[in-house]
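Structure first, commentary second.
Quick note: the coordinates plus some simple rules give every number you see, no bench work behind them. Computed from a predicted model, the values in this text were never measured in an experiment. Here Cβ is always computed from backbone atoms with ideal geometry, including for glycine, and neighbour counts include all displayed protein chains.
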Amino acid sequence: MSKLIVEQVGKTFDTGGSAVEALSDINLKIAENELAVIVGPSGCGKSTLLNIVAGLEQASRGVIAMNGKSIEGPGADRGMVFQSYTLFPWLTVQQNVEFGLKIKGVNPKERQEIARHYIDLVGLGGFASALPKELSGGMKQRVAIARALANKPEMLLMDEPFGALDAQTRLVMQELLLRVWEQERTTILFITHDIDEAVLLAENVYVMSRRPGRIRTQIQVPIPRPRDHRATVSPEFSAIKKEIMEMLWEESQTAANEK
Ligand code: ADP
Ligand code: MG
């Protein structure tokens, strides 16, 4: 059974009289434990789609279901990691990671242990009592990932989470996410406009068309795991990257011809 089903989903924004069609006919099936990556050009509706899955936006049409149950709003069963850092600045790393568990009423000892586990998993063992302002951008995103995972979500939703990081840190974070996923096998829906990032991470890359967004195609990435940055120089990697680039190039040509 699919973990997430998106069927014929469309979204039209009404902006004071004029309508913007952000998504049209999105169809998507994500399997349990899948690391799924959606790639598409800026403005094609990626964030809109993710926000609909998160329950933060309402679809204008269509069906979205997780575990066979229709998604009606936000819930702790979906953990989110955004591009901008969303930590509470007045809480320590430990307190940030424990936050959701505290809300759920998990007792202090248990939530301390769970938080510890995820803080260690993201490599921040020595920083549990640090405040966000004392951390680099990459470290803050590690905390955000640990915090999302600590709530044991059914699914992790990530919207260009490494987009604001420098190239070197970004690579380190991609490898970290690969290790986290290999260990935890949480179902992940990851969004990016970066083709290299998509191919390095994904089991399946879903390529979106330009706005109004549709899923143009699904490309399986059979590159063996465990993967690290060395995979990016393999011939298989280049071949898949080329396929995606050509598809996105075609999209941009159609857009140019219509102008
Ligand atoms: P992406 O994440 O792929 O860059 P978005 O999902 O953010 O794209 O946006 C898709 C389209 O929908 C864009 O044209 C954007 O301007 C429009 N859009 C997004 N959110 C809103 C909103 N709240 N109101 C009106 N238009 C919006
Ligand atoms: Mg976006």
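Before moving on, here are some points about what is shown:
- The C-alpha atoms of the chain define a longest principal axis, and helix 137-150 lies at about 80 degrees to it.
- Rounded to the nearest 0.05, the FRET efficiency derived from the C-beta distance between Val233 and Ala65 at R0 = 45 Å is 0.70.
- Extending 7 Å from Cα along the Cβ direction at Ala130 and again at Gln220 yields two label points whose distance is 4.1 nm.
- All aspartates and glutamates inside 17 Å of Lys3 as judged from Cα atoms, apart from same-chain residues fewer than 8 positions distant: Glu32, Glu34, Glu72, Asp77, Glu154, Glu184, Glu203
- Per-peptide packing, taken as the mean over residues of other Cβ atoms within 10 Å, places 243-254, 44-55, 72-83 in the sequence 44-55, 72-83, 243-254 from highest down.
- For the pair Ser84 and Phe13, a Förster radius of 22 Å applied to the C-beta separation gives a FRET efficiency near 0.55, rounded to the nearest 0.05.
- Summing charges over all other residues whose Cβ lies under 15 Å from the Cβ of Arg225, with Lys and Arg as +1 and Asp and Glu as -1, gives -3.
- Estimated dipole of region 132-259 in Debye, rounded to 20 [Cβ of Lys and Arg +1, of Asp and Glu -1, Cα centre]: 280
- Under 10 Å, Cβ to Cβ, from Lys11 - net charge with Lys/Arg +1 and Asp/Glu -1: -1
- Simple spin-label estimate for Lys104 and His117 in nanometres, 7 Å along Cα-Cβ: 1.0
- Sites Ala76 and Ala167, calculated FRET efficiency, Cβ-Cβ separation with R0 45 Å, nearest 0.05: 0.85
- Relative to the longest principal axis of the Cα atoms of the chain, the long axis of helix 108-121 makes an angle of roughly 60 degrees.
- Think of each Lys and Arg Cβ as +1 and each Asp and Glu Cβ as -1; about the Cα centre, that makes the dipole of region 135-209 roughly 380 debye.
- Cross-link check: pairs Lys109/Lys152; Lys11/Lys46; Lys29/Lys152; Lys109/Lys133; Lys29/Lys140; Lys29/Lys69 evaluated at a Cα-Cα cut-off of 19 Å; pairs beyond the cut-off: Lys29/Lys152; Lys109/Lys133; Lys29/Lys140.
- Each Lys or Arg adds one and each Asp or Glu takes one away; over the other residues whose Cβ falls under 14 Å from the Cβ of Pro89, this sums to +2.
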